[in-house]
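Here the structure is laid out as structure tokens; the discussion comes afterwards.
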Amino acid sequence: MSRKRVSAKYSIFHHSFYIKIVFTFIGLIVLTVVPMVTYNYYKNKDIILELGDNLIDQTNKTVIEETMHYFLPASILPEISARLVETGVISEKNRKQIELFTMSVLRSYPHICMFFIGDDQGNYTRAWSLPDGTMECRIIRRDIKPATNTFKYWNDKFEVFKTKTSTKINYDPRIRPWFIGVKRTRTNFWTDLYILFRNKKPGITSAYPVFGHGGKIVGIWGMDIELGEMSTFLRNLKIGKNGIAFIINDKNEIVSYPDSSVIAKEENGKLRPVRVEELGNKAIKKAFQNYEKTGRDKSVIESQGKRYLASFTDFPKSFPAPWKVGLVVPEDAFIGKAKFLIRENLFICVGIFFIALILSMIIARSISQPIKLLSEETKKIKDFHLDAPVEIRSYIKEIQSMSDAISTMKTGLQSFRKYVPAELVRQLVQTGEESRLGGQEKELTVLFSDITDFTTIAERMSPDSLMLYLSEYLDELTKILSEYHGTVDKYIGDAILAFWGAPISDEDHAFHACQAALVCQEKLQHLNLKWQSEGKNPLDTRIGISTGETVVGNVGSRERMNYTVMGDNVNLASRLEGVNKLYRTNIIVNSVTYKKVADKFWFRPLDIVAVKGKKEGTTIYELAGRREDGEMGDTAEFCQEFTRGFNTYLSRDWEGACRIFADLSSKYPLDTPTELFLYRCQQYRENPPGEDWQGIEYLKTK
């Protein structure tokens, strides 16, 4: 039987032994409680939905009554005013009397924003309530020459405090919809819904004719009513917790809505009322679509995972406009209480069997807990988490024997991972695959480090002291390389070979390698201070980093193999480490590494070199430091200026390059690359190279 099949078998045994005991008990309780709770739920739901239906009917009635009351003045005042003119109580020729009458009406009915009268000659008198409590009266006289347009402003004592008169008239009542509508119908006329220009709120106009001798219409009374107060009324109307009431007309336009800011829409530079489907409320849109499709006044719809009760009710035929009241209420607003009762009943039931449940869990746990802990320990081994000791104690002999065996296995694997890359072992343990000879080519970043003149240092120390000294050095650097996701391949004397991107893929392998290299150099500075205080020699480490296609895999025999990297990229990292000697630098990277992380670190180009055995040149760079946000310190300025000098040098501007490197030499007299390029530029200035010169330096040593 394979290891995976054995694991699956014991997994089934574990669950059947512990979880089924608990779930069997829970199942018995559920079979008893659920039918009772479900029955109560649906009974309560039916009762509450019936109450909700009554509430919806009452709300519809309230909205209709409030709306009819709101529009009552608009239904009767124009007709009463017309009768007063027809009987001579008010004279349409007495402008002062008309002005006082219209303003008195507005004062008595604040929701009427305008009251006016017009005639066939284009004469027009209009009163308007201003926001500051004053009144504006406009009188247009086309029956005199020249025609006049007068604005009078009245205070709350009906006293004129300002008058403006001109002959420029930009308004003609005879072309307005209310005037034309009354002329056509010869009775009370209500306009379509429109958006008032002055405050961008919906409004409607009611008008009534004034008849003279022979049934001729000699004038028309009208008034504008703002519907903002209706929106306020709907906003304050409580229908459950989140129910919405609104009014629409026969064009599916919103007459009133709790949020008055959304019921006007600009189109072609003009404001118009929004239609139901333009509100942006998906529940209302779906409810109205269902109403138009089915014709049912009441329905239940679902929108965005929630259920809603919807209702549409026509205004009475006695109302002058063909409007409807719409209601959309979340179902939970009514049956939420039923759900609460279910939860209460459920909590009571849970309380009844809670003690029994705890007892069953304690019994099952006392038997299965040691097995569960052993399972968790094996999972830790699979994930290669080996640091924590195994501390499982059981009175069952077989379980205790398993615990001791797992503890011994952990100790052996901890020793094993010191010889093999930890990530590789973790991968093998997790997948359950057997290691096989072979490899694959993939892009990796390889790091090679070596200690300068370590042979000379080793000759001065005893073998025991040397091993402890070198072990401390390798231990500290290995911790850093591992912390930054590196895989340490091998130690070659005092040298370290590490790589990034395998066995675990790492898209930022170049970045992590450069970070690790800088941290290693920083750590080495602290170690050198410590070693010097102990009378030991400080160590200077050179590092080469190269990114490129690399062969990685297992090499060796079937009995013993090594997970390693090989190929030109590994050789290049080793050569770059050695190139540090020529330029007296610490970290050199190849051009591929540079291109991947140039925006995260400071680099300077060192040269274009062809390592021994290669004819083609490659640009190499010194890794100088990390980039910080907004940083422009000495390192940044030096790298930028050196790069400028290097590019000038490649462009064969020897004089310009000399000036740049001479300035750098005065600031950094000990910098070897600066002195090297200054010397080259001076030589080339005197003896320029041939046209085939590409700036490549051919290295003769490895």
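Points worth noting:
- Relative to the current alpha-carbon distance between residue 80 and residue 53, full extension at 0.36 nm per residue lengthens the span by 5.7 nm.
- Per-residue SASA entry for residue 359, accessible area with 1.4 Å probe, Å² rounded to 10: 100 Å²
- A simple spin-label model places pseudo-atoms 7 Å from Cα toward Cβ; at residue 504 and residue 482 they are separated by 1.2 nm.
- Cα-only Debye scattering, region 52-196: base-10 log of I(q)/I(0) at q = 0.14 Å⁻¹: -0.77
- For residue 560 and residue 455, a Förster radius of 35 Å and the Cβ-Cβ distance give a FRET efficiency of 0.70, rounded to the nearest 0.05.
- Summary value for region 475-525: 35 percent relative contact order, contacts being C-alpha pairs under 8 angstrom separated by 6+ residues.
- The slack between residue 354 and residue 472, meaning 0.36 nm per residue of separation minus the straight C-alpha distance, is 36.6 nm.
- Candidates per trypsin sites (Lys or Arg not before Pro) in region 473-558, loop by DSSP, up to 13 other Cβ within 10 Å: 558
- Taking packing as the residue-averaged number of other Cβ atoms within 10 angstrom, the listed peptides 262-269, 676-683 run from highest to lowest as 676-683, 262-269.
- Prolate/oblate/rounded label for region 600-702 (Cα gyration tensor, a/c 1.5): oblate
- Tail beyond 15 Å, pair distance distribution of region 498-551 (Cα, percent): 56 percent
- Toward the positive end of the charge dipole of region 469-540, with +1 on the Cβ of Lys and Arg and -1 on the Cβ of Asp and Glu, the farthest Cα among 520, 485, 471 is that of 471.
- Radius, Kirkwood style, for region 466-593 when every pair of distinct Cα atoms is counted (Å): 15.6 Å
- Residues of region 672-689 falling in the label zone of residue 665, defined by backbone nitrogen less than 14 Å from a point 7 Å along Cα to beta-carbon, are 672-686.
- Residues whose amide H lies under 5 Å from that of residue 550, counting only those 5 or more places away or on a different chain, are 442, 443, 444; hydrogens are built 1.01 Å from N in the peptide plane.
- Magnitude of the charge dipole, region 45-172, Cβ model with Lys/Arg +1 and Asp/Glu -1, debye to 20: 1140 debye
- Net lengthening on full extension, residue 121/residue 523 (0.36 nm per residue, minus Cα-Cα): 134.8 nm
- Magnitude of the charge dipole, region 509-584, Cβ model with Lys/Arg +1 and Asp/Glu -1, debye to 20: 200 debye
- Distance between the pseudo-spin-label points of residue 87 and residue 581 (7 Å out from Cα toward the beta carbon): 12.4 nm.
- Estimated FRET transfer efficiency (residue 163, residue 94; beta-carbon r; R0 25 Å; 0.05): 0.90
- Set 183/324; 241/265; 286/306; 490/530; 162/183; 241/285 screened for pairs whose C-alpha atoms are more than 23 Å apart: 183/324; 241/265; 490/530; 162/183
- Normalised contact order of region 47-164, rounded percent, pairs of Cα under 8 Å and 6 or more residues apart: 12 percent
- If R0 is 30 Å, the Cβ-Cβ spacing of residue 599 and residue 672 corresponds to a FRET efficiency of close to 0.65.
- Chymotrypsin sites (Phe, Trp or Tyr not before Pro) restricted to region 497-590 and DSSP loop, no more than 14 other C-beta within 10 Å: none
- For region 54-59, the Karplus equation 6.51 cos²θ - 1.76 cosθ + 1.60, evaluated at θ = phi - 60°, returns couplings of 5, 5, 5, 4, 5, 5 Hz by residue, with Gly and Pro reported as x.
The values are calculated or read from the model by the stated rules, or taken from the named source; none is laboratory data. These numbers come from a predicted model, not from an experiment. Because the Cβ atoms are built from the backbone with ideal geometry, glycine has one as well, and the counts that use them run over all protein chains shown. Ligands, DNA and RNA are stripped out before the accessible areas are found, and what is left, the full protein with its side chains, is counted by its heavy atoms. Shrake-Rupley method; radii C 1.70, N 1.55, O 1.52, S 1.80 Å.
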